[in-house]
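Asks: Following this message is one structure expressed as structure tokens.
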Ligand code: M6R
């Protein structure tokens with residue numbers, strides 16, 4: 001997720017911006033930049049660089065951080081601090097904006113880094129979020145003669161503000177007019193040379209706070225960036241704007257009316273501030289799922305008023321290759337593989353096309369059979385997993401068309417695939433994947449439903465109903481999170497069990513795999529997943545009173561069968577829980593605990609039923625004294641075989 005910092009005051013602004021951005025590094029980024037209102041000329045000074053913040057500092061100071069190979073990390077850190085201070089003697093000014101970028105539109109590069117400016121460089125903008133209608137706006141601006149420098153969605157904002165500034169002659173009005181035309185999410189910081197004493201900020205969906213100092217004011221994506229200077233902040237509300245001067249801040253609603261309210265006082269320490277007040281990144285990321293799902297879904301849904309009427313993937317050519325495909329082959333590792341297993345059920349149900357799903361480390365060594373009319377999909381959060389990459393290369397060498405689903409723009413997978421579908425989950429810091437998984441599912445479901453329509457296996461009515469259902473998923477995810485106390489309580493009763501089984505049928509057997517992996521990874525409890533019907537073919541021999549069996553139950557036609565499986569383990573002493581859509585009591589008699597998830601189309605419920613399982617894993621981890629963000633023996637990105 002991008003990080004934004006802005007400052008208006010009497011300090012040299014460049015070090016304030018870079019130090020603030022350093023405090024936001026935990027959010028993940030691939031490039032950085034600053035724009036400063038020059039104190040000696042009527043211009044905005046912009047510097048930006050791909051890579052870590054230290055490269056930006058080196059670019060500005062023209063010096064290197066690590067001067068000898070024997071320099072210790074502590075020495076290099078100290079020197080970086082000195083060079084950051086030095087930036088203030090090179091780019092001088094007291095008003096500025098800074099940005100760390102997590103690439104969405106356009107690969108990580110100097111050019112695509114923020115801030116972006118209008119053609120004459122008199123307006124500079126930093127942005128966090130996704131402008132969904134940027135392609136349309138860009139085409140319109142190009143028709144007006146605007147020449148774009150970057151591939152970003154953000155650049156349209158700078159040019160649009162310029163357009164309205166020329167019309168209205170007033171920067172605040174120009175920003176307002178621009179915001180009224182943006183669809184999607186944004187947190188913005190805007191500078192204009194004609195108004196050198198102020199900074200304009202705005203937000204919709206993406207976070208932005210205003211820090212209130214004495215004789216100085218700040219904007220930031222998150223509290224840690226300003227905590228060194230102030231604990232008094234405004235959390236900007238949806239569609240609010242702020243204009244910052246050194247001695248005061250004005251807040252406005254989306255129509256430009258002044259808003260007056262009291263600031264909040266931050267009590268957190270720095271460590272919890274980085275996690276947005278959550279105890280761990282894993283919990284924060286579990287809670288980010290409604291937004292991540294919305295960000296992944298919305299740009300691909302076409303609406304008619306409030307009603308979703310179609311799915312559109314701008315990034316892939318949904319042509320004959322797809323319509324004529326004989327088979328889909330999906331390859332991935334770990335959690336991404338589990339998303340592939342759910343997708344098999346989705347593609348087969350909605351598009352009636354056979355799907356083979358393979359673990360990448362197996363696929364690459366078994367001389368796989370690939371046909372000309374196969375569609376090959378790799379799924380990878382990081383886009384750097386060694387086995388997944390090897391599978392991708394193998395498929396390409398065999399002549400298959402490779403589609404990648406990844407969360408990381410510019411990753412190796414994204415560069416080597418023929419076409420890329422991004423999950424807009426934002427950076428995932430915790431090792432255990434949560435929001436990346438549900439957003440992978442979202443992309444795969446959208447593909448399966450779209451393909452179902454194109455291949456004629458879904459009627460217009462079915463298609464339209466599925467679109468309404470999928471549009472409601474993020475809100476339902478939020479409802480589950482709002483009612484998490486039951487899961488927490490259940491975890492507090494079960495965290496000492498020696499064996500846990502997840503069971504389910506069809507989609508739910510696929511969800512069981514991911515639920516079990518989450519629990520293993522962060523709680524270190526021994527946990528297995530089985531298709532419920534397989535229990536009596538062996539695993540039931542393990543069941544005893546120290547066993548917990550969790551049944552995922554979102555397939556109404558199979559509730560009875562699943563309830564019979566639960567009775568079988570319960571009569572052997574197991575404790576039982578159901579995570580279910582059922583509201584009619586199908587599991588009340590056989591389960592010690594029933595977690596009900598909001599009503600939804602059963603075939604889409606995998607995006608919801610996983611959330612209680614993620615929370616259960618998280619709370620068991622905490623109760624067992626583990627660090628859920630850094631499970632033992634695991635790495636976030638597995639770049640070796
Ligand atoms: O970055 P990738 O999606 O390719 O990573 C694949 C697996 O290594 C990853 O999903 C792993 O299983 C996670 N620790 C799951 O939480």
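The values are calculated or read from the model by the stated rules, or taken from the named source; none is laboratory data. Please read these numbers as outputs of a predicted model, since none were measured by experiment. Cβ: placed from backbone, ideal geometry, glycine included. Neighbour counts: every protein chain shown.
Asks: When you check residue 177 against the structure, is it closer than 17 Å to residue 241 by Cα, buried (at least 16 other Cβ atoms within 10 Å of the Cβ) and in contact with a helix residue (DSSP H, G or I) (Cβ under 6 Å, 6 or more places away or on another chain), yes or no?
Replies: yes
Asks: So residue 76 clears everything in (1) over 30 Å from residue 435 (Cβ atoms); (2) part of a helix (DSSP H, G or I); (3) at pLDDT 95 or above except one condition, right? Which one?
Replies: Exception for residue 76: condition (3).
Asks: Residues in the range 403-438 that are assigned to a helix (DSSP H, G or I) and either surrounded by fewer than 20 Cβ atoms within 10 Å (Cβ to Cβ) or within 9 Å of the ligand (Cβ to nearest atom) (or both): how many?
Replies: Selection size over the range 403-438: 5.
Asks: Okay, next question. Here's a check for you: in the range 344-363, which residue that is assigned to a helix (DSSP H, G or I) and closer than 17 Å to residue 413 by Cβ is nearest to the ligand (Cβ to nearest atom)?
Replies: Looking at residues that are assigned to a helix (DSSP H, G or I) and closer than 17 Å to residue 413 by Cβ, I get 360.
Asks: Another one. Which numbered condition in (1) under 18 Å from residue 302 (Cα atoms); (2) under 28 Å from the mean Cα position of the chain (by Cα); (3) at pLDDT below 95 is the only one that residue 431 fails?
Replies: With (1) under 18 Å from residue 302 (Cα atoms); (2) under 28 Å from the mean Cα position of the chain (by Cα); (3) at pLDDT below 95 applied to residue 431, the lone miss is (1).
Asks: Sticking with this structure for a sec: Can you list residue pairs whose Cβ atoms sit under 7 Å apart, with the first residue in the range 506-519 being touching a residue at least 24 places away in the same chain (Cβ under 8 Å) and the second being within 11 Å of the ligand (Cβ to nearest atom) and in a loop (DSSP other than H, G, I, E, B)? Count only pairs 6 or more apart in sequence or on different chains.
Replies: 518/432
Asks: Criterion first (in a loop (DSSP other than H, G, I, E, B) and without any contact (Cβ under 8 Å) to a residue 40 or more places away in the chain) does residue 146 satisfy it?
Replies: Against the criterion (in a loop (DSSP other than H, G, I, E, B) and without any contact (Cβ under 8 Å) to a residue 40 or more places away in the chain), residue 146 qualifies.
Asks: Here's something else I'd like to know. Of the numbered conditions (1) without any contact (Cβ under 8 Å) to a residue 40 or more places away in the chain; (2) buried (at least 19 other Cβ atoms within 10 Å of the Cβ); (3) not in a helix (DSSP H, G or I), residue 503 satisfies every one except a single condition; which is it?
Replies: The one condition residue 503 does not meet is (1).
Results for (1) farther than 22 Å from residue 414 by Cβ; (2) at pLDDT 95 or above; (3) in the same structural domain as residue 419 (by TED's automatic domain parsing), shown as yes or no for each residue.
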residue: 290; (1), (2), (3): yes, yes, yes
residue: 295; (1), (2), (3): no, no, yes
residue: 304; (1), (2), (3): yes, no, yes
residue: 312; (1), (2), (3): no, no, yes
residue: 317; (1), (2), (3): no, no, yes
residue: 320; (1), (2), (3): yes, no, yes
residue: 328; (1), (2), (3): no, yes, yes
residue: 331; (1), (2), (3): no, yes, yes
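Asks: Among the residues of the range 378-402, which ones are in contact (Cβ under 8 Å) with a residue 60 or more places away in the chain, within 16 Å of the ligand (Cβ to nearest atom) and in a strand (DSSP E or B)?
Replies: Matches in the range 378-402: 379 only.
Asks: Next question, about the same structure. Could you identify the single residue in 611, 579, 595, 552 that is within 16 Å of the ligand (Cβ to nearest atom) and within 27 Å of residue 473 (Cα to Cα)?
Replies: Of 611, 579, 595, 552, the one residue that is within 16 Å of the ligand (Cβ to nearest atom) and within 27 Å of residue 473 (Cα to Cα) is 611.
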